[in-house]
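Have a look at the structure below before the remarks.
Here, each number is a calculation from the coordinates, and none is a lab measurement. No experiment lies behind these values; they were computed from the predicted model shown. Backbone-built Cβ (ideal geometry, glycine too); neighbour counts: all protein chains shown.
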Amino acid sequence: MKYFFFLLVTLPLLAQKKIKPELTELWEPVPQVIKPGNHSTPPSDAIVLFDGTDLSKWINTSSGQAADWVINSDGSMTVKRDGGIETKEEFGSVQLHIEWSTPKEIKGEGQGRGNSGVYFQKSYEIQVLDSYNNITYSNGQAASVYKQSIPLVNASRPPGEWQTYDIIFNEPNYNNKGNRLKKGSFTVFHNGVLVQNNVEIQGTTVYRGLPQLRDIKTPKRLYLQDHGNPVSYRNIWLREL
Ligand code: MG
């Protein structure tokens, strides 16, 4: 009996030794060669949404007219208190890079300090907030999937300093009847630190109550929130996945 078990364990190992390593080598497809960016420039295959020169890729969500947030001389733009802005183009799953800065002069507290937000498909918010020595509910602080997932750590820089989000958004899958076939996910790096690790998206971002199914008629645009605070953004690009 013991001998039988010995064979049971060793035979597959012996068999495995005869397998050619080449059998598990995949040579196709060859990943496309791209030129990586550094901290201030996008990679060559990115769709650049804002490079500091103009807002031609964006419209004002409230008016539907050209976006009119303030473009600053340093290549950034600042929330103007007349509504959020959204891209003209729609996007599915993406890798997004965005840089943001909350006002150096600290005003307000909790959710009232440096609040803005990056919404995917106008439905799912990664919170932008001054969370440097600023207490609020954990699932509403900077880098939270708002009201859904607390960041793993608080990697916030002080107000007035530039911060980065690198976000992988895998879109949820809906059929044309509006039924959700598969939930989506977020992976987020805040200032280069992993803060959301392949987190399942429960539904749309909702302020009161629980996440909801997405209305499939909502355009799949990237949206930046006007929450009444002069938060600035720069260097926004994405890669479609
Ligand atoms: Mg917000």
So, with points 7 Å from each Cα along the Cβ direction, the Asp82-Leu241 label distance in nm works out to 3.6 nm
The size of the Cβ-based charge dipole (Lys, Arg +1; Asp, Glu -1) of the stretch 143-227 about the Cα centre, to the nearest 20 debye, is 480 debye
Quick calc, Asn175 & Leu26: beta-carbon distance into FRET formula, R0 35 Å, rounding 0.05, result 0.65
Stokes-Einstein, Kirkwood over Cα pairs, the stretch 151-241, 25 °C, 0.890 mPa s; D in µm²/s equals 159 µm²/s
For the table Lys57/Lys177; Lys88/Lys217; Lys107/Lys220; Lys35/Lys57, the rows whose alpha-carbon distance is greater than 22 Å are Lys57/Lys177; Lys107/Lys220; Lys35/Lys57
In nm, the gap between the two label points placed 7 Å beyond Cα toward Cβ at Glu109 and Asn197 is 3.3 nm
In the stretch 28-99, the GluC sites (Glu not before Pro) that sit in a DSSP loop and have at most 13 other Cβ atoms within 10 Å of their own Cβ are Glu90
Packing-ranked peptide list from 212-225, 114-127, highest mean Cβ count within 10 angstrom first, is 114-127, 212-225
Semi-axes a, b, c in Å (a largest) for the chain, each sqrt of 5 times a Cα gyration tensor eigenvalue, come to 40, 21, 20
